[in-house]
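Quick notes on the structure that follows.
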Amino acid sequence: MKVIVTGSYDESCAVVAGMIRDLVNEKPACKLGLATGGTPVPIYKKLIEMNKAGEVDFSQVHTVNLDEYCGIPGTHDQSYRYFMDTNLFNHINIDKANTYVAKGMGDFEANAAELESKVREGGAADLQLLGIGNNGHIAFNEASDHLISVAHIETLTESTINANARFFEKKEDVPTKAITMGMGDIMAAKCVVLVATGLAKVPAIKGLVMDDVITTQNPSTMLKMHENAVVVIDKELADAVGYKA
Ligand code: F6R
């Protein structure tokens, strides 16, 4: 695992957008694993700009998203399908048939099984983008005494529900369950890029970059075992955790 410290969150996003652009240029039919949440939004904005400027062509790219809430349809403005369409897919030249976000409605077990088959279809993702929860979750693999390898249904913790309440009218509206890729799915990606910013992430990032401990209580620490994982943090966060490059 490698740690990159940038001067600012905007610079972090530019670095990561540049990695994705370079990968797509090198391998036009690549497979990207994508994330939602607040953190990647400026990365997607930069990719849209690059696409419009003719710097990158998404026409052959396939994508699979990390997760989706249970119980809300893809048309709901807080579904992750809606997020991906409005923050990225609607604005770039990707074929939406080549984009996959798990279904949040219907038979959740079957939807998780379908996500797992999409993770495997065509081989491992060339790049998996990740954010990180305040409790160290990646995708919705929550801090717990055990972790699950494959796609599954996860019960969201109080910490995650509180953090995500900002996107909903009221906390009670935040779904309590989600379909998520498992830890093995994430670890199978050829390259994993985790981006974090903000002081709420200090405990999680401390556990990730400051020691060699791997614990299910901070699922992100599994990335220490990935030989091509990159953690991108800004100086403010690096200073707050005491990380020295
Ligand atoms: C989103 C996801 C989550 C988020 C995490 C951080 O698809 O899998 O793990 O990356 O909750 O969210 P933000 O970026 O909103 O702080």
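Do you know which residues across region 56-82 are closer than 24 Å to residue 124 by Cβ and open to solvent by less than 70 Å² (accessible area, probe 1.4 Å)? Correct list: 56, 58, 59, 61, 63, 64, 65, 66, 67, 68, 80, 81.
With the structure loaded, tell me whether residue 213 is aliphatic (A, V, I, L, M), open to solvent by 30 Å² or more (accessible area, probe 1.4 Å) and free of Cβ contacts under 8 Å to residues at least 40 places away in the same chain or whether it fails that test.
Details: aliphatic (A, V, I, L, M): yes; open to solvent by 30 Å² or more (accessible area, probe 1.4 Å): yes; free of Cβ contacts under 8 Å to residues at least 40 places away in the same chain: yes.
Spelling it out, residue 213 is indeed aliphatic (A, V, I, L, M), open to solvent by 30 Å² or more (accessible area, probe 1.4 Å) and free of Cβ contacts under 8 Å to residues at least 40 places away in the same chain.
Scanning region 117-152 for residues that are open to solvent by 50 Å² or more (accessible area, probe 1.4 Å) and among the aliphatic types (A, V, I, L, M) gives 148, 150. Pairing each residue of region 38-57 that is farther than 18 Å from residue 27 by Cβ with any residue that is away from the ligand (no atom under 16 Å from the Cβ) and in a helix (DSSP H, G or I), provided the two are 6+ apart or on different chains, yields C-beta distances under 6 Å for 48/91. Kindly indicate whether any position in region 106-115 is on the phi < 0 side of the Ramachandran plot, polar (S, T, N, Q) and open to solvent by 60 Å² or more (accessible area, probe 1.4 Å). Within region 106-115, none of the residues are on the phi < 0 side of the Ramachandran plot, polar (S, T, N, Q) and open to solvent by 60 Å² or more (accessible area, probe 1.4 Å).
Considering (1) open to solvent by less than 10 Å² (accessible area, probe 1.4 Å); (2) more than 12 Å from the ligand (Cβ to nearest atom), the lone condition that residue 34 does not fulfil carries the number (2).
Of all residues in region 208-220, those that are in contact with a Lys or Arg (Cβ under 7 Å, 6 or more places away or on another chain) and either part of a helix (DSSP H, G or I) or acidic (Asp, Glu) (or both) total 1.
Do we find that residue 190 is more than 23 Å from residue 113 (Cβ to Cβ), part of a loop (DSSP other than H, G, I, E, B), more than 14 Å from the ligand (Cβ to nearest atom) and open to solvent by 60 Å² or more (accessible area, probe 1.4 Å) in this structure? For residue 190, the condition - more than 23 Å from residue 113 (Cβ to Cβ), part of a loop (DSSP other than H, G, I, E, B), more than 14 Å from the ligand (Cβ to nearest atom) and open to solvent by 60 Å² or more (accessible area, probe 1.4 Å) - is met.
Quick one: would you say residue 223 is open to solvent by less than 30 Å² (accessible area, probe 1.4 Å), within 15 Å of the ligand (Cβ to nearest atom), farther than 30 Å from residue 109 by Cα and not in a strand (DSSP E or B)?
On the way: open to solvent by less than 30 Å² (accessible area, probe 1.4 Å): yes; within 15 Å of the ligand (Cβ to nearest atom): yes; farther than 30 Å from residue 109 by Cα: no; not in a strand (DSSP E or B): yes.
Spelling it out, it is not the case that residue 223 is open to solvent by less than 30 Å² (accessible area, probe 1.4 Å), within 15 Å of the ligand (Cβ to nearest atom), farther than 30 Å from residue 109 by Cα and not in a strand (DSSP E or B).
Figure legend. Inter-residue proximity from region 79-101: first residues touching a residue at least 24 places away in the same chain (Cβ under 8 Å), second residues of a type in the set (Phe, Trp, Tyr) and not in a helix (DSSP H, G or I), beta-carbon distance below 7 Å, spacing 6+ or different chains. Indicated pairs: 79/69; 80/69; 92/58; 93/58; 94/58. Taking the numbered list (1) among the acidic types (Asp, Glu); (2) farther than 29 Å from residue 9 by Cα; (3) crowded, with 16+ Cβ neighbours inside 10 Å in turn, residue 185 passes all entries but (2).
A single entry from 125, 165, 143, 178 fulfils the requirement of being in a loop (DSSP other than H, G, I, E, B), within 13 Å of the ligand (Cβ to nearest atom), modelled with pLDDT of 95 or more and not basic (Lys, Arg): 143.
State which residue is nearest to the ligand (Cβ to nearest atom) when the search covers only region 193-206 and only residues that are surrounded by 22 or more Cβ atoms within 10 Å (Cβ to Cβ) and over 14 Å from the mean Cα position of the chain (by Cα). By that ranking, first place goes to 201. Can you pull out the residues in region 40-69 that are closer than 21 Å to residue 181 by Cα and away from the ligand (no atom under 14 Å from the Cβ)? Within region 40-69, 61, 62 meet the criteria. Do we find that residue 172 is within 22 Å of residue 76 (Cα to Cα), open to solvent by 50 Å² or more (accessible area, probe 1.4 Å) and either under 17 Å from the mean Cα position of the chain (by Cα) or of a type outside the set (Gly, Ala, Ser) (or both) in this structure? Here the answer is yes, as residue 172 does meet what is asked.
Of the residues 48, 20, the single one that is modelled with pLDDT of 95 or more, among the β-branched types (Val, Ile, Thr), closer than 27 Å to residue 102 by Cβ and within 15 Å of the chain's Cα centre (by Cα) is 20.
The values are calculated or read from the model by the stated rules, or taken from the named source; none is laboratory data. All of these numbers come straight from a predicted model, not from anything done at the bench. Note that each Cβ is placed from the backbone with ideal geometry, even for glycine, and that neighbours are counted across all protein chains shown. These accessible areas exclude ligands, DNA and RNA; they are computed on the full protein's heavy atoms, side chains included. Shrake-Rupley method; radii C 1.70, N 1.55, O 1.52, S 1.80 Å.
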